[in-house]
Amino acid sequence: MQEKVDNLVAWLQQQIKETGVKGLLVGVSGGIDSAVVANLIKRAAPDHSLGVMMPCKSNPEDMEHAKKVINHAKIEAITVDLTETHDVMFSTIQKQLNDQEQINHDQQQIADANLRARLRMSTLYSLAANYQYLVVGTDNAAEWHTGYFTKFGDGGVDLVPLVHQTKGDVKALAKFIGVPDEVINKQPSAGLWEGQTDENEMGTSYQIIDQYLKGEEIPHKDKEIIERLHKRTAHKREMAKAPEKF
């Protein structure tokens, strides 16, 4: 496990060197993935790393966990509350759609959630420009394979150090690094709306996705879900499509 941590830290340091930036930053949500990344970037750039907390109608418990992660990692931190910004932007969009009688009420929850994720991405890049840092993402192998991230939201980053680590691998890293137990053991959730959990939204569990990625046998219905998610979200893992030159 120490070798894995050392390799990830060395890789992050190499990205700093190759791009000529000064350091790294990550959005800290109070979840296990961002907790691991916060600790990794602190090791990679001890004097030039930043944890960013971005509440947006967030569960107060998530903010408490995020603060514990920040304190444990001993990383410099900043909080940018996006609640008011989100309210103004989302209500303005809804009003325009209502006025034109074009609003699709069935899609408003997901539109709301994706806007929050994209506002956070914009915030991270604004801060990155100020500090001359790279934005480090938190997607693990299960999330990347199934496309369980918002395009140009939490998927809009410069680096994805955990992309080859299963959820189980991330949990093992978190335990090794010493991430607070309440963060390690909490039910994974993007915190996009009340009661939302990752596994309910995906329709399968991280444990089963991990088994699938390792080539192990899993129930047929779960295999169908995972492969459908992977196919449907292929565009998220690709650059913007362009026609052939003519």
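So here's what we get for this one:
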{"read-out": "Relative contact order computed over the chain (Cα-Cα under 8 Å; 6+ residues apart), in percent", "value": "21"}
{"read-out": "Percent RCO, i.e. relative contact order, over the stretch 147-246, from Cα pairs under 8 Å lying at least 6 residues apart", "value": "29"}
{"read-out": "Length released on extending from Tyr125 to Val88, taking residue separation times 0.36 nm less the Cα-Cα span", "value": "11.3 nm"}
{"read-out": "Three-way shape label, the chain, alpha-carbon gyration tensor, a/c 1.5", "value": "rounded"}
{"read-out": "The stretch 1-97, relative contact order [Cα under 8 Å, separation at least 6], %", "value": "26"}
{"read-out": "Cut-off under 5 Å, modelled amide H: who pairs with Glu76 long-range", "value": "Ser49, Gly51"}
{"read-out": "Hits among lysines - C-alpha to C-alpha of Lys186 under 20 Å, sequence gap 8 or more where chains match", "value": "Lys57, Lys67, Lys68, Lys167, Lys171, Lys175"}
{"read-out": "Rounded to whole Hz, the Karplus (6.51, -1.76, 1.60) HN-Hα couplings of the stretch 157-165, x for glycine and proline", "value": "9, 8, 10, 10, x, 9, 5, 9, 9"}
{"read-out": "Ordering of 40-52, 114-126, 77-89 by burial proxy (mean other Cβ atoms within 10 Å per residue, highest first)", "value": "40-52, 114-126, 77-89"}
{"read-out": "Peptide ranges 99-109, 170-180, 142-152 listed from the most packed, as the mean C-beta count within 10 angstrom indicates", "value": "142-152, 170-180, 99-109"}
{"read-out": "Positive-end extreme of charge dipole, the stretch 2-237 - chosen from Thr85, Met202, Tyr133 (charges on Cβ)", "value": "Tyr133"}
{"read-out": "Spin-label pair Glu3/Phe246, simplified geometry with 7 Å Cα→Cβ offset, distance in nm", "value": "5.2"}
{"read-out": "Likely footprinting exposure, Ile225, Ile209, Ile110, fewest C-beta neighbours within 10 Å first", "value": "Ile110, Ile225, Ile209"}
{"read-out": "Cα gyration tensor shape of the stretch 127-173, rounded if a/c is under 1.5, else prolate or oblate by comparing a/b with b/c", "value": "oblate"}
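Read-outs: derived from the displayed coordinates by stated rules, not from any lab. Please read these numbers as outputs of a predicted model, since none were measured by experiment. Positions of Cβ are generated from backbone atoms using ideal geometry, with glycine treated the same way; all protein chains shown enter the neighbour counts.
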